[in-house]
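The values are calculated or read from the model by the stated rules, or taken from the named source; none is laboratory data. Being a predicted model, the structure only gives us computed values, none of them experimental. So basically every Cβ, Gly included, is an ideal-geometry build from the backbone, and we count neighbours across all protein chains shown. Note: accessible area is taken over every heavy atom of the protein model, side chains too, but ligands, DNA and RNA are not part of it. Shrake-Rupley method; radii C 1.70, N 1.55, O 1.52, S 1.80 Å.
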Amino acid sequence: MLDEQIERFIAAAERMRLGDYVRYESDRRRRLHDAFFQGVARGLGIMVGFAFLGAIVIFILQDLAQRNLPGISDFLAQVITLVQMRIQ
């Protein structure tokens with residue numbers, strides 16, 4: 001009975017790759033390496049996403065400014081001019 005439970009536990013640990021996980025957790029250099037590259041990838045993703053969304057917002061603002069809506073178009077024209085000057 002106890003032997004069967006131990007065998008089942010060992011089999012479950014092997015299926016979960018518990019040994020690999022313990023080795024990974026005990027290797028500090030590998031964890032730091034993985035955490036560094038995860039942070040770099042996350043930062044690049046945020047940068048690309050922000051640039052994409054910013055371009056869409058600028059495109060929408062330019063479209064609204066071209067429609068000559070009273071009051072809004074002057075404000076949007078100033079915002080677009082400032083953004084374009086900042087880009088250059």
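Per-structure values
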| item | result |
| --- | --- |
| Electrostatic dipole magnitude of the chain [Cβ: Lys, Arg +1; Asp, Glu -1; Cα centre; debye, to 20] | 360 |
| Volume in Å³ per residue [convex hull over Cα atoms, computed for the chain] | 169 |
| Positive-end residue of 39, 81, 55, charge dipole of the stretch 26-88 with Cβ unit charges | 39 |
| Percent accessible area from carbon and sulfur atoms, the chain, protein chains only, probe 1.4 Å | 64 |
| Centroid-to-centroid separation of the stretch 3-18 and the stretch 74-88 [C-alpha atoms, Å] | 65 |
| Acute angle (nearest 10 degrees) that the helix 72-87 long axis makes with the longest principal axis of the chain, alpha-carbon atoms | 60 |
| Surface per residue (accessible, 1.4 Å probe) for the chain, Å² | 93 |
